[in-house]
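Novice: Next up is a structure, given as structure tokens.
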Amino acid sequence: MIVHILPPAGGFPAVSYNTDKVDANKGELMNVANFGALQGLMNVRPEDYKNHLAMVSATNKHVKRPQFHVVISAEGRTYDKKELTAIGEEWLAQMGYEKQPYLIIFHKDTANNHVHLVTARIDRTGKKISDRFEKIRAVETLNRVLGIDAKHNAKSDIENALAFRFATEAQFRMILESKGYVLRERDGLYEVIKFGKLQETINRNLVTQRLNKDADQQRKVQLKAWFHKYSAAHDTSLVKGRKGYQSEFDAIMKVRFGVELIFHASGNKPPYGYSVIDHSGKNIFKGGEIMPLKELLVMHVTESAQKEKPRVRYENNTNQLNYYAALLKAAMYNYPDLTQGLQHQGLIIIKNENGFTLHDPAAGVFINTDELLNEKQQQVLTNHFSTEQPQRQHPAIPGINLASDVDDDAVLGMKRRRKKKARTNLR
């Protein structure tokens, strides 16, 4: 589950956005709290909610964008509307918004159940509710509401990392960094940081005692075989995104085998090397031990592999095709743009010489898009990539994020700055 705080706004446009969802039968108003006399009326208009929130916010003239709009999103259907509403209520209370007028709206038009919380940042005394370290507190509060112990998880991840076979301290750090931690060395300890806070410490001697120069040769042979086989079937061309360089081949190896490639580069220069984190076999190797970087990057997809790749699929049946056709069409037509739709649906589009392949990382599904779309719809997909990414032959791979809600940013008019590169979703 994730929590996402959308940019503040004036005029409370999130009210109309969510009530429009309700009117379109894509959402359900779950809770209206602390709106006073409005809650006793039978037919309340969106403008009535907006005016009430504006009235409360008017007590502080210094805050020009008083809207507080939050999305709490589950993975798939793991939580129903009542459970998500209860979580939203408790989250608001612990964040200091319990006495604020607020709306909770459940959305049911995507693959991930989620609720929107809309309220004002100004309380009835005219004081702005603290937004200090707001994003960090949002995650911590959600973890607390869900009973998730970040410190306990850090201990577990450290124990797992220490169970790997690693030859250097840098390799050990890389294992934890791949899970989102930041490691800082101080006074003979490694400080393990996540969510902006110190979660745990590791005695450096404990790490050095586990250094092992004897690589798992049998596993190395197996990885070499996989690299040669799958680099001939999937594009190895690298694209730089928010979290470094990635490729279609890289995504396939992680999804299928739990093998993660970490590319090393200086600034904006091309990668000079890479490491292989074998999560399944608990090994970490220098990439050159498996396949030299230059060799990996010049691998070409063979003709036979190109013909076989679109045939990879989970359960070859009509129900699966209809299911993924519906998800892909929703991503194409129910969002401000395809990139946001794919991210929200947790899907990836892989561009290849023969067209496009739809990939569902969670289920390990690969389906050629021409089996899901008609000719006109396929052209829409082609047009997206030709207009959004004209300078690249290989578009970046969208992030595997099964519960994000970035579509709301665009719906509410957030201006995106384009830094001379196309919008992509990257892990």
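The values are calculated or read from the model by the stated rules, or taken from the named source; none is laboratory data. Since we're looking at a predicted model, the values are computed, not measured. In this analysis, Cβ positions are derived from the backbone assuming ideal geometry, glycine residues included, and neighbour counts consider all displayed protein chains. SASA here: full protein model, heavy atoms, side chains in, ligands and nucleic acids out. Shrake-Rupley method; radii C 1.70, N 1.55, O 1.52, S 1.80 Å.
Novice: Taking ASN31 as the residue in question, decide whether it is of a type in the set (S, T, N, Q) and either touching a residue at least 40 places away in the same chain (Cβ under 8 Å) or closer than 14 Å to VAL118 by Cα (or both).
Specialist: Here the answer is yes, as ASN31 does meet what is asked.
Novice: Taking region 12-42 only, how many residues are open to solvent by less than 70 Å² (accessible area, probe 1.4 Å), closer than 24 Å to ALA93 by Cα and under 29 Å from the mean Cα position of the chain (by Cα)?
Specialist: Residues that pass the stated criteria total 12.
Novice: Taking only pairs six or more apart or across chains, which ones have beta-carbon atoms under 7 Å, a first residue in region 79-90 that is open to solvent by 70 Å² or more (accessible area, probe 1.4 Å), and a second residue that is part of a helix (DSSP H, G or I)?
Specialist: Short answer, once both residue conditions are applied: GLU90/VAL145.
Novice: Hey, does region 230-242 have a residue that's hydrophobic (A, V, I, L, M, F, W, C), at pLDDT below 90 and under 17 Å from PHE164 (Cα atoms)? Even if it seems obvious, please write down each step before you answer.
Specialist: The first filter runs over region 230-242 and keeps only residues hydrophobic (A, V, I, L, M, F, W, C), leaving 232-233, 238-239.
From what is left, the residues that are at pLDDT below 90 are 232-233, 238-239.
Next, only the ones that are under 17 Å from PHE164 (Cα atoms) stay: none.
Checked region 230-242: no residue is hydrophobic (A, V, I, L, M, F, W, C), at pLDDT below 90 and under 17 Å from PHE164 (Cα atoms).
Novice: I need a count of the residues in region 17-67 that are in contact with a helix residue (DSSP H, G or I) (Cβ under 9 Å, 6 or more places away or on another chain) and outside any helix (DSSP H, G or I).
Specialist: Selection size over region 17-67: 15.
Novice: Quick one: GLU98 ticks every box in (1) touching a residue at least 40 places away in the same chain (Cβ under 8 Å); (2) farther than 17 Å from ILE2 by Cβ; (3) open to solvent by 40 Å² or more (accessible area, probe 1.4 Å) except a single one, so which number is it?
Specialist: Single failed check for GLU98: (1).
Novice: Here is a further query. Could you tell me which of the residues ALA163, ALA120 is open to solvent by less than 40 Å² (accessible area, probe 1.4 Å) and either touching a residue at least 24 places away in the same chain (Cβ under 8 Å) or closer than 30 Å to ALA215 by Cα (or both)?
Specialist: Values: ALA163 fails: open to solvent by less than 40 Å² (accessible area, probe 1.4 Å).
From the options ALA163, ALA120, the qualifying one is ALA120.
Novice: Report yes if LEU296 is more than 26 Å from the chain's Cα centre (by Cα) and modelled with pLDDT of 70 or more, otherwise no. I'd like the intermediate steps shown before the answer.
Specialist: Values: more than 26 Å from the chain's Cα centre (by Cα): yes; modelled with pLDDT of 70 or more: yes.
Yes: the conditions hold for LEU296.
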